[in-house]
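Structure record follows, encoded as structure tokens.
Each reported figure results from applying straightforward, stated rules to the coordinates on display, with no laboratory input. Just so you know, these numbers come straight off a predicted model, no measurement behind them. Note: ideal-geometry Cβ built from the backbone for every residue, glycine included; neighbour counts use all protein chains shown.
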Amino acid sequence: MSEKKSDTAPADESAVSVPVAPKPNTITLDTPLKRGDQTLTAITLRKPSAGELRGLKLFDVLQLDVTALQTLLPRITSPALTSHDVGQLDLPDLLTLGAEVSGFFVTKADKGSSPA
């Protein structure tokens with residue numbers, strides 16, 4: 001009987017070690033953003049609606065224009081970033097957030113045809 005218990009133990013251990021999938025559209029910052037007493041280590045983005053793109057040129061958003069991102073990101077982030085917060089982001093983090101934003105503009109058909 002003790003052999004059977006040892007046979008099932010590795011299966012139980014492997015089930016426990018399975019990593020939990022991160023939330024969709026959540027970016028873990030390489031350099032945490034300090035805002036007063038709060039330190040932000042991850043930012044969640046949601047797909048913008050047409051109204052949240054008001055005053056922006058889609059070309060600028062897709063070109064990852066910093067000014068466009070400083071306008072758009074406060075509208076679609078959780079926790080909500082300010083324009084100043086966006087300006088304080090480390091460049092690789094800003095690029096990662098911008099790339100995630102640009103992914104919102106890809107059609108479902110195009111997402112399905114791209115290699116994973």
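Below is a table of values for the structure above.
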quantity	calculated
Residue in the range 53-65 that is crowded, with 16+ Cβ neighbours inside 10 Å and polar (S, T, N, Q) present	no
Filtered residue count, the range 55-71, keeping only those that are outside any helix (DSSP H, G or I) and of a type outside the set (D, E, K, R)	4
Complete set of residues in the range 72-93 that are in contact with a helix residue (DSSP H, G or I) (Cβ under 7 Å, 6 or more places away or on another chain), crowded, with 18+ Cβ neighbours inside 10 Å and either small (Gly, Ala, Ser) or part of a helix (DSSP H, G or I) (or both)	72, 73, 76, 86
